[in-house]
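Working notes, beginning with the structure itself.
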Amino acid sequence: MSSTISIVLADDHSLVRDGIRSLLEEEKDLVVVAEVSNGKEAIDIVEEKKPDLLIIDIRMPVMNGIDAVEFLNKKGSTTKTIILSMHDSEEYILKSVDAGANGYLLKDTGKVEFIKAIHTVQQGGKYFSGDISNVLVNNLLHNKTASETVKTSKNNSNPFDLTSKELQVLELVLTGLTNKQISEKLQNSKRTVETHRFNLMRKMEVKNLIDLSKKAQQYNLV
């Protein structure tokens, strides 16, 4: 068996692909066998070349990276997958894990960690950078708490299908904290908090804080 790890890169920005290729090919045991610019092309080239690893972005035309990873896993592909994205939102991270990704790295990840992630995944492990791991742990803990709460009271149902992080943001919003204060408390970016807040308002079909508070109390969400 060859010790060389064959890799396909999927990103819709050629400059990003060029940079990743240059970084990877400084390593003697890593070789980039193909580059593609969307999820559909990624599926086609993985099925054709059967590389060891697919490194794929999320937001791309035609088909996004998460859907491509999910499709490959459902087809029984043996190619390992690492999501490489600029997004640190809980939604993207959890969807990637659910799709079967073996790892998730942010695009500002350093070279040493990047190479370590590749070898960890290739050897059958999972790799999530520090910030991503925190999101996964927090989600696991909050899901456990939510599950226990649901078992003890049917009144604590979640008719709006809010995520655990959205419920957490909801509680903090209703205490009067600003987006900046919430982001500091949850150790998320302000943009991530704003996204959760927008999703809350959309899912609960309210347009202001007063209506949000009334609906949250009506459905025993806080």
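Computed values, structure above
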quantity: Mean ellipticity per residue at 222 nm, deg cm²/dmol - from DSSP H runs of n ≥ 4 across the chain, formula -39500 (n - 2.57); calculated: -17000 deg cm²/dmol
quantity: When each of K50/K75; K40/K95; K49/K75; K50/K107; K107/K190 is checked by Cα-Cα distance, pairs over 20 Å; calculated: K50/K107
quantity: Relative contact order [Cα under 8 Å, 6+ residues apart], the chain, whole percent; calculated: 13 percent
quantity: Accessible heavy-atom area order of Y92, Y127, Y219, Y104, highest first, probe of 1.4 Å; calculated: Y219, Y92, Y127, Y104
quantity: Probe 1.4 Å, protein heavy atoms only - accessible area per residue of the stretch 1-59 in square angstrom; calculated: 51 Å²
quantity: Cα-based helix-to-principal-axis angle, 190-204 vs the chain, degrees rounded to 10; calculated: 60 degrees
quantity: Under-5 Å amide H pairs with L54, H placed in peptide plane, nonlocal only; calculated: V8, K80, T81, I82
quantity: Carbon and sulfur %, accessible surface of the chain computed with the full protein complex present, 1.4 Å; calculated: 50 percent
quantity: Semi-axes of the equivalent ellipsoid for the stretch 163-217, Cα gyration tensor, largest first, Å; calculated: 18, 11, 9
quantity: Kirkwood hydrodynamic radius of the chain, Cα pairs, Å; calculated: 19.1 Å
quantity: Accessible area in the full protein assembly, largest first, 1.4 Å probe, for D67, D88, D161, D11; calculated: D161, D67, D88, D11
quantity: Degrees, to the nearest 10: 39-49 long Cα axis against longest axis of the chain; calculated: 40 degrees
quantity: Folded to 0 to 90 degrees: helix 65-74 orientation relative to the chain principal axis, Cα; calculated: 70 degrees
quantity: Residue with peak Gaussian network fluctuation, the chain [Cα springs, cutoff 10 Å], from V206, V112, V32; calculated: V112
quantity: Extension reserve of the L106-N73 stretch, reckoned as 0.36 nm per residue once the Cα distance is removed; calculated: 9.7 nm
quantity: In Å², nearest 10: area of H13 left accessible to a 1.4 Å probe; calculated: 100 Å²
quantity: Separation of alpha-carbon centers, the stretch 48-74 and the stretch 179-215, rounded to whole Å; calculated: 31 Å
quantity: Amide H contacts of L30 (H built 1.01 Å from N, under 5 Å, at least 5 apart or other chain); calculated: I5
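The values are calculated or read from the model by the stated rules, or taken from the named source; none is laboratory data. Please read these numbers as outputs of a predicted model, since none were measured by experiment. Note: accessible area is taken over every heavy atom of the protein model, side chains too, but ligands, DNA and RNA are not part of it. Shrake-Rupley method; radii C 1.70, N 1.55, O 1.52, S 1.80 Å.
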